[in-house]
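Working notes, structure below.
The values are calculated or read from the model by the stated rules, or taken from the named source; none is laboratory data. No experiment lies behind these values; they were computed from the predicted model shown. Every residue, glycine among them, receives a Cβ derived from its backbone with ideal geometry; neighbour counts consider all protein chains shown. When the accessible area is computed, the model is the full protein with side chains, heavy atoms only, and any ligands, DNA or RNA have been set aside. Shrake-Rupley method; radii C 1.70, N 1.55, O 1.52, S 1.80 Å.
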Amino acid sequence: MAEIIYTKYRWFVLVTMFIVTAASLSIMIAPTPFAGEIARDLHVDLGVVLASTMLVFVLCTAISALVGGFIIDRIGLVPMWIICSVVAIVATLLIPVFGKTIGGLIALRAVQGLVNGPVSSSITTCCAQWFKYEERTYVAGVQGFSVSIGIAMGVVYAPAVFNVTHSWQLALAATALLPAIGLVFALIVHFGPKAPNSAACEGRDSQQASSADFRKAVTYITFYVLCLMGFIDSWCQQAYNDMANGFYAVAQPVGLGLGPMGAGSKLVYASYAMAIGTLLAPVITEKIFKGNPKPTIFFGCGIAGLLVLTVRSLHPANTALLILVPCGILFFSSFVNPTVYGYIAKHYPANISGRLGGLVMGLTIFGATVGLGVSSALLHKTGYYWASMNVLAGVTLFGAAAVLALRLPKGFNVAAEASQAEKQ
């Protein structure tokens with residue numbers, strides 16, 4: 001096996017992945033603080049707003065993520081970043097033009113979601129092609145951190161623009177600045193050195209081996225347990241993030257009546273807690289549990305589910321709980337995603353990591369789609385958030401039990417192959 005040399009340039013690639021991913025997630029979450037304003041201006045109820053702005057985005061993300069890994073394996077990681085950034089910029093800038101009707105808003109959110117899928121599913125390819133075996137779980141954690149930072153930027157930056165413009169359409173359009181920055185970094189990477197492990201994915205023989213390895217991977221239970229864990233975690237994080245912003249902002253008795261800025265000022269701390277959780281998850285898995293992902297996910301889902309049950313006790317006057325409960329939910333639930341994708345990058349070969357990561361991400365995001373669908377339906381039917389929160393808690397607690405079925409994938413020995421090929 002040819003010796004692989006990993007250069008320091010990989011850290012610039014990591015920064016690029018961070019920025020591109022964070023920008024995409026900022027665009028995703030940006031409409032949620034404006035649920036009341038969108039409902040008033042477009043003459044629809046809050047359930048319709050949640051479905052139109054978030055359910056559509058997440059559904060399109062799931063669909064595109066399913067094929068995103070195959071696209072990355074075909075055209076390359078960085079060209080995908082460039083194309084998706086350009087489309088995201090254009091679609092976001094068009095919101096003041098076409099976002100004045102519910103149909104136009106849905107169409108633009110669909111486009112934004114379609115380019116978010118490949119970006120979100122690129123982590124396993126980035127890990128496998130650019131980073132050493134022992135670094136991959138930590139790199140997956142950094143991508144999770146970028147998701148958290150992106151959400152934090154979205155719930156603060158867009159409301160700040162709204163305070164100046166008093167237009168939610170202009171506030172959402174202003175988030176185009178973020179993928180524009182990501183585009184600059186992606187172009188720099190495109191003209192820089194080639195990925196050190198990209199040769200594993202090239203050539204006709206490699207393509208034939210990839211097909212055989214892929215068939216082997218999807219016939220064993222490990223793949224499906226990973227999909228299930230991602231599905232449940234995505235349901236938890238996406239549904240909670242979207243409901244929490246509306247619940248905090250909307251007037252009483254439906255919500256807490258804090259308004260868009262008030263909601264953002266409280267929930268931004270939860271985004272930071274989520275960011276810290278994604279960075280700690282690899283350390284907990286590798287250092288405390290010696291590479292075993294099951295305890296990390298078990299405690300993450302279990303504690304997050306129990307904390308969701310406490311949301312009913314929140315009151316606008318209790319500032320401490322308004323901050324601590326969301327922080328706890330997102331801190332512990334954030335253990336799951338980096339653990340899942342780090343596991344894929346470490347236990348499956350580079351020639352199939354992109355498509356496997358894309359499939360897991362796509363199926364994972366369907367969890368968010370289902371979660372948002374259930375939340376929207378219950379919110380529309382009851383007019384309150386409580387039923388949605390109870391369902392969310394039950395699903396998250398089920399995830400703590402389901403992870404116990406995870407087993408090592410059969411037929412691959414990535415660790416031994418990596419140790420032979422890498423030059424320290």
- [ ] Take the chain, connect every pair of alpha-carbon atoms lying under 10 Å apart with a spring to form a Gaussian network, then pick out the residue of Phe12, Phe34, Phe335 with the largest mean-square fluctuation.
- [x] Phe12
Task: Options Ser333, Asn163, Ala239, ranked by Cα towards positive dipole end of the chain, top entry (Cβ charges) - done: Ser333
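Grab the Cα-Cα distance for Leu321 and Asn390, subtract it from 0.36 nm times how many residues apart they are, and report the gain in nm with one decimal. Spell out each step's value before the answer.
Working: separation 69, 0.36 × 69 = 24.84 nm, distance 1.83 nm.
Roughly 23.0 nm would be gained on extension.
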TODO: Could I have the simple spin-label model distance between Tyr272 and Arg40, label points 7 Å from Cα toward Cβ, reported in nm to one decimal?
DONE: 3.0
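First check a/c for region 1-147, with a ≥ b ≥ c the square roots of the eigenvalues of its C-alpha gyration tensor; if it is under 1.5, answer rounded, and if not, answer prolate when a/b is larger than b/c or oblate otherwise.
On the way: a/c = 2.81, a/b = 2.45, b/c = 1.15.
Prolate.
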TODO: Assign one of three labels to region 91-190, namely rounded, prolate or oblate, based on the Cα gyration tensor with a ≥ b ≥ c the square roots of its eigenvalues; rounded applies when a/c is under 1.5, prolate when it is not and a/b is larger than b/c, and oblate otherwise.
DONE: prolate
Task: Top positive-direction residue, dipole computed over the chain with Cβ charges, set His380, Cys127, Phe185 - done: Cys127
Task: Exposure of Leu404 as accessible area (Å², to 10), given a probe of 1.4 Å and all protein chains - done: 100
TODO: Would you mind telling me the share, in percent, of accessible area of the chain contributed by carbon and sulfur at probe 1.4 angstrom?
DONE: 70
Task: Rounded accessible area of Glu286 (nearest 10 Å², 1.4 Å probe) - done: 40
Task: With Cα atoms, 0 to 90° folded angle of helix 136-165 axis to the chain main axis - done: 30
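Divide by every residue of the chain the summed helix terms, -39500 (n - 2.57) for each DSSP H run of at least 4, and state the resulting mean residue ellipticity at 222 nm, rounded to the nearest 500 deg cm²/dmol.
The helix contribution divided over the chain gives -25000 deg cm²/dmol.
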TODO: Keeping all protein chains in place, calculate the accessible area per residue for region 33-161 (probe 1.4 angstrom), answer in Å².
DONE: 31
- [ ] Given a cut-off of 26 Å, name the pairs among Lys266/Lys287; Lys132/Lys216; Lys8/Lys287; Lys194/Lys290 whose C-alpha atoms lie farther apart than that in the structure shown.
- [x] Lys266/Lys287; Lys194/Lys290
Task: For region 402-408, 3J(HN,Hα) per residue [Karplus equation, 6.51 cos²θ - 1.76 cosθ + 1.60, θ = phi - 60°, Hz, x = Gly/Pro] - done: 5, 5, 5, 7, 5, 9, 5
TODO: Keeping every protein chain in place, order Tyr220, Tyr272 by accessible area at 1.4 Å, biggest value first, i.e. largest first.
DONE: Tyr272, Tyr220
- [ ] Quick one: which residues, 5+ away or cross-chain, put their amide H under 5 Å from the amide H of Leu258? H built at 1.01 Å from N.
- [x] Ala249, Val250
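With a 1.4 Å probe and all protein chains kept in place, how do Asp233, Asp45, Asp73 rank by accessible area, largest first? Could the numbers behind the result be given before it?
On the way: Asp233 5, Asp45 65, Asp73 40 Å².
Correct descending sequence by accessible area is Asp45, Asp73, Asp233.
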TODO: Output the relative contact order of the chain, whole-number percent, from Cα pairs under 8 angstrom with separation of 6+ residues.
DONE: 29
Open item on the list: Students often forget the sequence filter, so: which lysines lie under 26 Å Cα-Cα from Lys381 once same-chain residues fewer than 8 apart are removed?
Closed with: Lys100
- [ ] State whether the chain is rounded, prolate or oblate according to the following rule on the C-alpha gyration tensor (a ≥ b ≥ c being the square roots of its eigenvalues): a/c under 1.5 gives rounded; otherwise a/b larger than b/c gives prolate, and the remaining case gives oblate.
- [x] prolate
Task: Sites Leu177 and Ile288 - FRET efficiency at Förster radius 56 Å, r taken between beta-carbons, to 0.05 - done: 0.90
